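Heads up: the structure comes next, in structure tokens.
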Amino acid sequence: MPTQTIADMTEPHYWEMLVKKSVSRYLLLDMLARRPMYGYEVAKEIETCCEGWCKPTPGMIYPTIKDMVADRYIECTEDTIGGRVRKICHLTDRGREALLAAAEVWGSVLPYLTESVRDVTGGTISESSD
């Protein structure tokens, strides 16, 4: 029987993908807590706030929005902008609860991660490294 291969955890790309997925979901909720937006706008706002480090693609952002609508974290309404019909996403009360839960978890783990990264790298990687 063939052995199952797993992703190569020695590759930075493996870790980037894991972090970016989680960060993108958190930031999607955060962006919608600030104001209603459509998908492309959310993706651009995430890219801007991350200074280009995280660039959600349409293949990531729209399925995530669809899942969050199905799970009642966000709602979408249609609006016509510049002659195009767009789905404007709004955070629900359940979405606000999810954002708060995520913020609490990120807030509790970030100090440890910062310390760990400094220890592992000997302080050679700053918090804002790409």
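The values are calculated or read from the model by the stated rules, or taken from the named source; none is laboratory data. Bear in mind the structure is a predicted one, so any value in this text is a computation, not a measurement. Positions of Cβ are backbone-derived with ideal geometry, glycine not excepted, and every protein chain shown enters the neighbour counts.
Name the residue, out of Tyr62, Tyr112, that is closer than 20 Å to Leu18 by Cα, aromatic (Phe, Trp, Tyr) and over 15 Å from the mean Cα position of the chain (by Cα). Testing whether each residue is closer than 20 Å to Leu18 by Cα, aromatic (Phe, Trp, Tyr) and over 15 Å from the mean Cα position of the chain (by Cα) leaves just Tyr112. For segment 53-60, indicate whether the set of residues that are outside any helix (DSSP H, G or I), touching a His at 6+ places or on another chain (Cβ under 9 Å) and touching a residue at least 12 places away in the same chain (Cβ under 8 Å) is non-empty. Taking every residue of segment 53-60 in turn, none turns out to be outside any helix (DSSP H, G or I), touching a His at 6+ places or on another chain (Cβ under 9 Å) and touching a residue at least 12 places away in the same chain (Cβ under 8 Å). Among the residues of segment 65-96, those that are under 20 Å from Lys20 (Cβ atoms) and surrounded by fewer than 17 Cβ atoms within 10 Å (Cβ to Cβ) comprise Lys66, Asp67. A single member of Glu47, Glu41 is among the acidic types (Asp, Glu), in a helix (DSSP H, G or I), within 15 Å of the chain's Cα centre (by Cα) and more than 19 Å from Lys21 (Cβ to Cβ), and it is Glu41. Taking each residue of segment 82-99 that is under 10 Å from Leu29 (Cα atoms) and looking for partners that are at pLDDT 95 or above and of a type in the set (Gly, Ala, Ser) with beta-carbon atoms closer than 7 Å, six or more apart or interchain, yields Leu91/Ala33; Arg96/Ala33; Leu99/Ala33. Of all the listed residues (Glu41, Glu45), the sole one being closer than 18 Å to Ile74 by Cα, surrounded by 13 or more Cβ atoms within 10 Å (Cβ to Cβ) and touching a Leu at 6+ places or on another chain (Cβ under 9 Å) is Glu45. Checking each residue in segment 36-50 for being in contact (Cβ under 8 Å) with a residue 12 or more places away in the chain and of a type outside the set (Gly, Ala, Ser) picks out Pro36, Met37, Tyr38, Tyr40, Val42, Glu45, Ile46, Cys49, Cys50.
What's the total number of residues in segment 25-51 that are of a type in the set (S, T, N, Q) and touching a Cys at 6+ places or on another chain (Cβ under 6 Å)? Show your work before the answer.
Here is the first cut: in segment 25-51, the residues of a type in the set (S, T, N, Q) are 48.
Right, trim to touching a Cys at 6+ places or on another chain (Cβ under 6 Å) and you get none.
Number of matching residues: 0.
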